[in-house]
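**Q** Dropping the structure in here first, questions after.
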Amino acid sequence: MQNSIRIIASNWWKEAVVYQIYPRSFKDANGDGIGDLAGIFSKVDYLTELGVDAVWLSPINTSPMFDFGYDISDYRAIDPVFGSMADFDALVAALHKRNIRLLLDLVVNHTSHQHPWFVESRASRESAKRDWYIWHNGKKGAPPNNWQSVFGGSAWEWDETTESYYLHSFLKEQPDLNWRNPQVKDAVFADIEFWLQKGVDGFRLDVVNCYYKDQQFRDNPLRLWGWRHPRPYELQHHVHDMSQPEMHPLLRDLRQLLDKYDATSVGEVLVDFSGDPELAAGYLGRDDELHMTFDFTLLDQKWDAKAMANVLRTWLNACGENWPTLAFNNHDRSRSYTRYAKRGESSQRAKILAALLLTMKGTPYLYYGEEIGMKDGSVSRAEMKDPVGIRYWPLAQGRDPARTPMLWDDSANGGFTSGTPWLPVNDDFAGRNVASEKNDPTSLWHWYRELLSLRKQHAALRLGDWKEIYGGKDVFAYRRTIGNESIDVFLNFSAKPVTLPPVEGKILLSNCSRHELQGALTGHEILMVQSNAVAR
Ligand code: GLC
Ligand code: CA
C-alpha cells in the first residue's frame, strides 16, 4: 500500500523558462580559455536581468573530456577545469537567492572508460563489477553483432586484457553501463540523490532511451542513406540498441525519487532520423515517468509557417495530457539563427522564433547566445575539438560551431576570456554582443526580455490551453486561454503583408508600431492581442 502513495510535487517546471549553458563556453573567470563555474557565478545577475527561471548546465562532473563532459569519471565531483565543489555550492546559493533553479546533465547511459567502475570491470572476467558493463565474447573472432556507435563505426570495442568486447553506443571512451544489473541502478540512484541533497532542482537525462539493449543482441536493420544526409554517420535503424520497453519502469522509479525533492527531469530521446514526437512523448508515461522530453523535429524545420504549425500541433497532440517542451537550439545542432539565415530577414525571423518559443504551450528552453542572435562559429579543421567533427570532416562539421564562446562585449575575445579561448570566438562579435544588444532598445535581446516578462505576467501564456485560430499559408496563429484571459498570437512568417482575420482586444505586443487592429499584418509582423472572455 505504502508504495502506491504518490507524492504530489508542485508544477514549477511547467511555468519555468530554462536557459541552457554549455559551461566551457559561457564565461571564463581564471583566464585558462575555458568557461567555468566562477564565470557562471559572475553572470547570475545577467540571468536575472534576462528573466529566466532555471539553468541547465551541460556536464560539469569530473571527466577526461573525450566527449567534453559527456564521459564522466566521477559523478560526485566537479571537474577541476570548471572549479571546485565550493564553487558549485556558491553557484547554487547565488541562483537560488535569485529564484533561479538549477538542472544538471545526467549522463548515465555510459560512463567514462576512466570511471573506477569500468576500470574494475575491465580488469578481469571475475571482477565484482564485471557485469556493470556490457561484455561479450564476440562471434568467430568478430563483434557480436552489427550495432553501430551513434558516432560511427562498430559499437563494440575489443579489449585485450580479458579478450572480449565491450559495448559503447558513443565513443569507445564511453562504455555503456549494464542497466539490467540492479547494482548499477542502486549506485546511479545514490549519485542522483547526492545532488538532490545538495539542492539541485532537476536533471536533463542524456540519451535516456538508450539505457537498455536487446537481451539477445539481435542485429539492427540497415537503412539506405545518401551522400547528402545531414548526419552521414547514422547508418542503421537503432531498433535493438535503443528504446527498449524496460526503460519505463525504471523511469517510474526515478520519478518517485525526483518528486520527493520536488525536482524535475527532461529527457533527450534519440531517434534514427530527425525526431519522433510519439516516441519522445512516450517517456512521459501518465505523468509518472519523465516530467518532460524534447522533440527534435522542432529543430529540423525549414522556415515555413505551415510546416512549423504542423510540427508543433503534432508534438502537442503526442504529449496529450502531459507537458511539452519547446526548444529550437542545443549544443548538438546548428544554431537557429544560422539555420534560418536569409539576407535581410534573419533578425525578423529570430524575433518570430523567440515569440513562438515563449508563447506556445510548453516549457521553453533557450540556449546561451540565442538571445543575442548568435550564429554558428566557423571552426577550421585545425581548431576543431569535437570528436564527431574530427571524424567526419569535411563531410560534417561536427558540433563545435554551435559551442563557440558567448559574446559578452566588444573587448578581446568578446569578453569571454582574458586567455586563449578553447574554441575560436565568432568573428562578428564586435557588431553583436550582449553589451551592444542591451544598448539597442530594438534588439533581439530586448525582445526576448520583453517576451519573458510578458510570460511572467500572464498565466495564459504559461499554463493556458492552446488552440489554433487561423490556418493561413504564411501565418501561424493561436490562442492561449486560462480562466477569463485569452491571448491571441499572430506570427507572419513571410515578408509579405497578409490579411489579418477579425480580432478584438488590447494589443499586448507588436514588433511594428501598430496601434489598432485594422489592416493587414505587415511582413514578419508579430502581434499579440489580449482579450477576456467576459468582454467578448
Ligand atoms: C547526447 C549529448 C551529446 C553527447 C551524447 C553522448 O546526445 O547531447 O552532446 O555527445 O549524448 O553522451
Ligand atoms: Ca576557466
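The values are calculated or read from the model by the stated rules, or taken from the named source; none is laboratory data. Everything quoted here is computed from the prediction, not taken from an experiment. Using ideal geometry, Cβ is built from the backbone for each residue, glycine included, and neighbour counts are taken over all protein chains shown. We work out accessible area using only protein heavy atoms, side chains counted, and drop any ligands, DNA or RNA first. Shrake-Rupley method; radii C 1.70, N 1.55, O 1.52, S 1.80 Å.
**Q** Here is a list: Thr111, Thr161. Which entry is more than 16 Å from ligand 2 (Cβ to nearest atom), at pLDDT 95 or above and either within 30 Å of Asp262 (Cα to Cα) or basic (Lys, Arg) (or both)?
**A** Thr111
Residue-wise test of (1) open to solvent by 50 Å² or more (accessible area, probe 1.4 Å); (2) out of contact with any helix residue (DSSP H, G or I) (no Cβ under 8 Å at 6 or more places or on another chain).
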site: Ser436; (1), (2): no, yes
site: Asn439; (1), (2): yes, yes
site: Trp445; (1), (2): no, no
site: Glu450; (1), (2): yes, yes
site: Leu454; (1), (2): no, no
site: Ala477; (1), (2): no, yes
site: Arg480; (1), (2): no, no
site: Glu485; (1), (2): no, no
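**Q** Which residues, taken from segment 430-453, are of a type in the set (A, V, I, L, M) and either assigned by TED's automatic domain parsing to the domain that holds Leu509 or in a helix (DSSP H, G or I) (or both)?
**A** Initially, segment 430-453 is screened for residues of a type in the set (A, V, I, L, M), giving 430, 434-435, 444, 451-452.
Hits for segment 430-453 are Val434, Ala435, Leu444, Leu451, Leu452.
**Q** Pick from segment 3-29 the residues that are over 20 Å from His331 (Cβ atoms) and in a loop (DSSP other than H, G, I, E, B): which of them is modelled with the highest pLDDT? Don't jump to the end; show me each part of the working.
**A** If we filter segment 3-29 for residues that are over 20 Å from His331 (Cβ atoms), which is where we start, we get 3-15, 29.
Still in the list and also in a loop (DSSP other than H, G, I, E, B): 5-11, 29.
Numbers: Ile5: 52, Arg6: 51, Ile7: 55, Ile8: 63, Ala9: 73, Ser10: 87, Asn11: 94, Ala29: 98.
Filtering first and then ranking leaves Ala29.
**Q** If you don't mind, there's one more thing I want to ask. If the requirement is being at pLDDT 95 or above, in a loop (DSSP other than H, G, I, E, B) and farther than 29 Å from Gly398 by Cβ, which of these qualifies: Arg180, Arg252? Don't jump to the end; show me each part of the working.
**A** On the way: Arg252 fails: in a loop (DSSP other than H, G, I, E, B).
Exactly one residue qualifies, and that residue is Arg180.
**Q** Please specify each residue of segment 51-66 satisfying the condition of being surrounded by fewer than 21 Cβ atoms within 10 Å (Cβ to Cβ) and more than 18 Å from Leu103 (Cα to Cα).
**A** Pro64, Met65, Phe66 - these are the residues of segment 51-66 that are surrounded by fewer than 21 Cβ atoms within 10 Å (Cβ to Cβ) and more than 18 Å from Leu103 (Cα to Cα).
**Q** Further question on the same structure: Tally the residues that are of a type in the set (Lys, Arg) and within 16 Å of ligand 1 (Cβ to nearest atom), restricting the search to segment 8-56.
**A** Residues of segment 8-56 that are of a type in the set (Lys, Arg), as a first pass: 14, 24, 27, 43.
Narrowing further to those that are within 16 Å of ligand 1 (Cβ to nearest atom): 24.
Looking only at that region, the number is 1.
**Q** Between a residue in segment 282-297 that is without any contact (Cβ under 8 Å) to a residue 24 or more places away in the chain and any residue that is assigned to a loop (DSSP other than H, G, I, E, B), which pairs come within a Cβ distance under 7 Å, given they are 6 or more apart or on different chains?
**A** Pairs found: Thr297/Ser274; Thr297/Gly275.
**Q** Right, another one. Considering each residue of segment 67-111, count those that are within 20 Å of the chain's Cα centre (by Cα) and open to solvent by 50 Å² or more (accessible area, probe 1.4 Å), and give that number.
**A** Here the count works out to 1.
Residue-wise test of (1) of a type in the set (Asp, Glu); (2) closer than 30 Å to Gly69 by Cα; (3) open to solvent by less than 30 Å² (accessible area, probe 1.4 Å); (4) not assigned by TED's automatic domain parsing to the domain that holds Tyr470.
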position: Glu278; (1), (2), (3), (4): yes, yes, no, yes
position: Asp295; (1), (2), (3), (4): yes, yes, yes, yes
position: Lys302; (1), (2), (3), (4): no, no, no, yes
position: Asn322; (1), (2), (3), (4): no, no, yes, yes
position: Arg333; (1), (2), (3), (4): no, yes, no, yes
position: Arg339; (1), (2), (3), (4): no, yes, no, yes
position: Gly344; (1), (2), (3), (4): no, no, no, yes
position: Tyr367; (1), (2), (3), (4): no, yes, yes, yes
position: Ile372; (1), (2), (3), (4): no, yes, yes, yes
